[in-house]
1. Around residue 140, which amide H atoms from residues at least 5 apart in sequence, or from another chain, sit under 5 Å from its own amide H, with H modelled in the peptide plane?
2. For a test of the definition: using alpha carbon positions, the gyration tensor, and the 1.5 limit on a/c, classify the chain as rounded, prolate or oblate.
3. For region 71-115 and region 1-66, what is the separation of their C-alpha centers, rounded to whole Å?
4. Under unit Cβ charges (Lys, Arg +1; Asp, Glu -1), what dipole magnitude, rounded to 20 debye, does region 1-84 have relative to its Cα centre?
5. Counting only heavy atoms of protein chains, what accessible area per residue, in Å², does the chain have with a probe of 1.4 Å?
6. Quick one: what are the phi-derived ³J(HN,Hα) couplings along region 48-58, Karplus 6.51/-1.76/1.60 with θ = phi - 60°, whole Hz, x for glycine and proline?
7. Using a 1.4 Å probe on the protein heavy atoms, what percent of the accessible area of region 30-131 belongs to carbon and sulfur?
8. At 222 nm, what helix-only mean residue ellipticity would the chain give, in deg cm²/dmol to the nearest 500, using -39500 (n - 2.57) for each DSSP H run of four or more?
Amino acid sequence: EYGKVHWYGESCSPQNSLHTLIASTHYSDQLSGATAWYNIRPTNPQWHNDIDSYCTQNGIRYLPKILPEYTYIYYMRAPDSGGELELETGDIIKCIPNRLVKFPCSLSHRVRPYKGNRVSIGIIWWYDLPEIYGDISEKDTAVVERIWEIEDAERIKKGSK
């Protein structure tokens, strides 16, 4: 479950510390639930935005009726050097353990190159989850695949042949 996406339904009660963290970021009764994932990123990650990462499969965008508003990043461990969050706005956010950062989901961002071990948890609250994740409701907790990582791995494999 560590390398997957965790779904936490809006009407669930926290069952563990990850759920408690997710619940602490809840901001509207209209939300159906949140996805959360552990980020142990490559040491030199690329620019991306979380809408495209979550809502695109095989090059096709599966957008929900209402797009999520925010990405939250909770820093668990800072690297030895580097690892700042860089937003397309030019803002640079230092990775400090126990810091919670919020920014618009649609903003492109990346983690600057770093050395050491950088660990964070990403959280996005959804009004409705894209259909590519199946039929998950506000009453459920679930664990689903990271579609973007599966597709990234397939692209790399094809490129190496």
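The values are calculated or read from the model by the stated rules, or taken from the named source; none is laboratory data. If you're wondering where the values come from, they're calculated on a predicted model, not measured in any experiment. Methodologically, a virtual Cβ is constructed for each residue, glycine included, from the backbone with ideal geometry; neighbour enumeration extends over all protein chains shown. These area figures cover heavy atoms from the full protein model, side chains too; ligands, DNA and RNA do not enter into them. Shrake-Rupley method; radii C 1.70, N 1.55, O 1.52, S 1.80 Å.
1. Answer set, sorted by chain and number: 9.
2. It comes out oblate by the Cα gyration axes.
3. 16 Å
4. Result for region 1-84 is approximately 180 debye, rounded to the nearest 20.
5. 55 Å²
6. Each residue of region 48-58 in turn: 6, 10, 6, 5, 4, 4, 7, 9, 10, 9, 6 Hz.
7. 47 percent
8. Counting only the DSSP helices, I get -4500 deg cm²/dmol.
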